[in-house]
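The values are calculated or read from the model by the stated rules, or taken from the named source; none is laboratory data. For clarity, every value in this text was computed on a predicted model and none was experimentally measured. Ideal geometry is used to build each Cβ from the backbone, glycine not excepted, and the neighbour counts take in all protein chains shown.
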């Protein structure tokens, strides 16, 4: 299996980076091919440019070589693993921008020639994994509808197909979690990724 790990956190010393390292380690130990995209480290620009927006519904919606590279990757992998902190109840701008700019028509979805209806574009993806931390406790996250989880496990899944399996690995109330709890969660991420099929 080939897995893309998409990491969205600007601080290289962050806990999210540790979780990404653990995810890569687990996947690699199971013999999977892994490509890590550390969006902040590679200078990914979250905002769609006016030119990209103008080209969005054309036959050539991708205007940036980095986006073209990421589109090639996402249309060739079997699994996509997202590692990020939940901020303001949702995805960080870096990750939301990645979804907006990479999963354009012809990549994330396509329009049926006869009906004009939206059809999945990422039928190659068999597994979506979300690994995230929340400052809030689980009850509060549930109360506000967990927008990041819904975006990845519902909306993105529709671009892959309903047979695509999903895995959600959350650490709630990280602000009050102690070192032991964080270490145990990181270890569980690595174990889960090692068992991914």
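Report the residue count in the stretch 57-70 for those that are modelled with pLDDT of 95 or more, over 17 Å from residue 34 (Cα atoms) and in contact with a strand residue (DSSP E or B) (Cβ under 8 Å, 6 or more places away or on another chain).
1
Modelled with pLDDT under 95, in contact with a helix residue (DSSP H, G or I) (Cβ under 8 Å, 6 or more places away or on another chain) and either within 26 Å of residue 185 (Cα to Cα) or crowded, with 18+ Cβ neighbours inside 10 Å (or both): which single residue out of 130, 89, 108 fits that description?
Sole residue among the options that is modelled with pLDDT under 95, in contact with a helix residue (DSSP H, G or I) (Cβ under 8 Å, 6 or more places away or on another chain) and either within 26 Å of residue 185 (Cα to Cα) or crowded, with 18+ Cβ neighbours inside 10 Å (or both): 89.
Which is closer than 17 Å to residue 47 by Cβ, at pLDDT 95 or above and touching a strand residue (DSSP E or B) at 6+ places or on another chain (Cβ under 8 Å), of 95, 73, 99?
On inspection, the qualifying residue turns out to be 95.
Given (1) over 22 Å from residue 108 (Cα atoms); (2) touching a helix residue (DSSP H, G or I) at 6+ places or on another chain (Cβ under 8 Å); (3) without any contact (Cβ under 8 Å) to a residue 60 or more places away in the chain, identify the lone condition not met by residue 120.
For residue 120, the failing item is (1).
For the stretch 111-127, name all the residues that are in contact with a strand residue (DSSP E or B) (Cβ under 6 Å, 6 or more places away or on another chain), within 26 Å of residue 3 (Cβ to Cβ) and surrounded by fewer than 16 Cβ atoms within 10 Å (Cβ to Cβ).
Matches in the stretch 111-127: 118, 119.
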